[in-house]
Amino acid sequence: MTQKIKKIGVLTSGGDSPGMNAAIRSVVRTCAYHNIECIGIYRGYQGMIEGDFEEMGPRSVNNIINKGGTILKSARSAEFRTPEGRKKAYDNLVKANIDALVVIGGDGTFTGGLLFNSEYNFPVMGIPGTIDNDIYGTSHTLGYDTALNTVVEVIDKIRDTASSHNRLFFVEVMGRDAGHIALNAGIGAGAEEILIPEADLGLDRLLDSLKKSKASGKSSSIVVIAEGDKIGKNVFELKDYVEANLPEYDVRVSVLGHMQRGGAPSCFDRVLASRLGVKAVESLLDGVSNFMVGLSNDKVNLTPLAQAIKGKSEIDKELLRVSDIITT
Ligand code: F6P
């Protein structure tokens, strides 16, 4: 391994996700393993601009593998979008003798990292951390598996009250532009319908399906809706629309919101974070830069950051078909 890099900075940026702490821990300990210094950068790119740095060693990351959120905090920095902001950040990195960066976050984080690299030729590696799972080049982003488990647990609880009252629930889950959480958690929780931006079900089909559901003797119905769904109405308007057209239904709405981003990471996310952290640091030490570490067929892989940003993480068509079949 060529060891030109002596000091690596690590930051978390954008929406936090369970598993970010486990990834920070892995990055810090991989640096220690290879006798490289590691600097934690607080509040993402904003902390880089302000020089909010702290040296980190193996003991600074004790007992965080099981914690949600991020000990380094996160931010969406408007200043880093300006050339002046990025110049300040670069000057701070040079002053602290930081040679390379590991950035943990979603596509906004990677876009910032790539731009920074193109301006300053600064080595950057990305680790995908977002509950939305909307990053091209990896089957799983950090936090996605945990969020799925959280959503399924909550919908199971909603089901108890829904069936006690013979009610229909619209449950909105996160996913700004993607339906991965809705589709997978919806199947896992036995939802009657799943509405995602990638597949336009249409209002007529929804009404039709709900009518059939009632006629088939179901005592409760759960419709899971991705927040980015484009059916044309928000979840509350959808409730009014369905109640107006199907008066036999007593409808309630539950917007799960930010609870989906919190909580202890699942074992899957902890192991994934540990693997990706090792690969990110060792890739930098091997002279690789501008890539994202990810997972494909359970193998850790590398995808150019530019591709990870531009590419689309497609919905699994077969899963859509499975959902259609088993929700009847
Ligand atoms: O990208 C992750 C995510 O949780 C999305 O699902 C959601 O739309 C967004 O972040 C919410 O962002 P914020 O916490 O800034 O409101």
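The values are calculated or read from the model by the stated rules, or taken from the named source; none is laboratory data. Bear in mind the structure is a predicted one, so any value in this text is a computation, not a measurement. Here the Cβ is made from the backbone with ideal geometry for all residues, glycine too, and neighbour counts use every protein chain on show. Surface areas here come from the heavy atoms of the whole protein model, side chains and all, with no ligands, DNA or RNA. Shrake-Rupley method; radii C 1.70, N 1.55, O 1.52, S 1.80 Å.
Pick out which of ASP160, ASP298, ASP204 has the largest mean-square fluctuation in a Gaussian network model of the chain, springs linking Cα atoms closer than 10 Å.
Taking springs between Cα atoms under 10 Å, the residue moving most is ASP204.
Just for the Cα atoms in the stretch 102-244, what are the lengths along the principal axes, largest first, rounded to whole Å?
63, 28, 21
What is the magnitude of the charge dipole of the chain about its Cα centre, with +1 placed on the Cβ of each Lys and Arg, -1 on the Cβ of each Asp and Glu, and no other charges, expressed in debye to the nearest 20?
Once rounded to the nearest 20, the dipole reads 740 debye.
Could you give me the percent of Cα pairs per 10 Å distance bin for the chain, shortest bin first, beginning at zero and ending with the bin that holds the maximum distance?
Distribution as computed: 6, 26, 29, 18, 13, 6, 1 percent.
Using a 10 Å cut-off on Cβ atoms, rank the peptides 152-158, 319-325 from the highest mean neighbour count down.
Order by mean packing, descending: 152-158, 319-325.
Sort 309-316, 195-202 by the packing proxy (mean of other Cβ within 10 Å over each peptide's residues), most packed first.
195-202, 309-316
Pop out the carbon and sulfur fraction of the accessible area of the chain as a percent, whole number, probe 1.4 Å.
Summing carbon and sulfur atoms, their accessible area is 50 percent of the total for the chain.
Would you mind checking the tilt of helix 267-285 against the longest principal axis of the Cα atoms of the chain, expressed as 0 to 90 degrees and rounded to 10?
Once rounded, the angle reads 30 degrees.
Take every DSSP beta bridge with both residues inside the stretch 145-261 and express the antiparallel ones as a percent of the total, to the nearest 5.
The antiparallel proportion sits near 5 percent.
In degrees, nearest 10, range 0 to 90: what is the angle between the Cα axis of helix 107-120 and the longest Cα principal axis of the chain?
Taking Cα atoms only, the helix is inclined about 20 degrees.
Go through HIS165, ILE222, MET20 and say which Cα lies farthest out towards the positive end of the charge dipole of the chain; charges sit on Cβ, +1 for Lys and Arg, -1 for Asp and Glu.
Result: MET20, furthest along the dipole toward the positive end.
Can you give the local net charge around PHE116? Use residues other than it whose beta-carbon is closer than 12 angstrom to its beta-carbon, Lys and Arg +1, Asp and Glu -1.
Every neighbour counted, the sum reads +3.
Using label points projected 7 Å from each Cα along Cα→Cβ, tell me how many nm separate TYR120 and ARG205, to one decimal.
Computed distance between label sites TYR120 and ARG205 equals 4.8 nm.
Go ahead and set up a Gaussian network model of the chain, Cα springs under 10 Å, then flag whichever of LEU246, LEU285, LEU305 fluctuates most.
Among LEU246, LEU285, LEU305, the largest mean-square fluctuation in the Gaussian network model of the chain belongs to LEU246.
Can you tell me the length gained on complete extension of the stretch LEU319 to SER216, counting 0.36 nm per residue apart and subtracting the Cα distance?
Taking LEU319 through SER216 to full extension adds about 34.7 nm, to one decimal.
In nanometres, what is the gap between the two model label sites at HIS165 and ILE71, each 7 Å from Cα along Cα-to-Cβ?
4.3 nm
What is the dipole size for the stretch 145-261, taken about its Cα centre, with +1 at each Lys and Arg Cβ and -1 at each Asp and Glu Cβ, in debye to the nearest 20?
Its charge dipole is roughly 220 debye.
Quote the FRET efficiency, to the nearest 0.05, computed for HIS34 versus LYS310 with a Förster distance R0 of 35 Å and r equal to the Cβ-Cβ distance.
Here the calculated transfer efficiency is 0.65.
Give me, ordered by chain and number, the residues 5 or more places off ALA264 or on other chains with an amide H under 5 Å from its own placed amide H.
Those lying under 5 Å, H to H, from ALA264 are GLY68.
Solvent-accessible area per residue for the chain at a 1.4 Å probe radius, Å²?
It amounts to 43 Å² per residue over the chain.
Which one, PHE236, VAL281, GLY179, projects farthest toward the positive side of the charge dipole computed for the chain from Cβ point charges (K/R +1, D/E -1)?
Toward the positive end, the furthest listed residue is VAL281.
Can you tell me which of 62-68, 99-105 comes out highest on packing, and rank the rest after it, using the mean Cβ neighbours within 10 Å?
Going from most to least packed, we get 99-105, 62-68.
Taking every pair of Cα atoms in the stretch 165-259, average 1/r, invert it to obtain the Kirkwood radius, and report Rg/Rh to two decimals.
Result for the stretch 165-259 is an Rg/Rh of 0.93.
Which percent, nearest 5, of DSSP beta bridges in the chain are antiparallel?
Expressed as a percentage, antiparallel bridges in the chain total about 25.
Give the span of the stretch 1-132's Cα atoms along each principal axis, as three whole-Å numbers ordered largest to smallest.
Extents along the principal axes: 37, 35, 24 Å.
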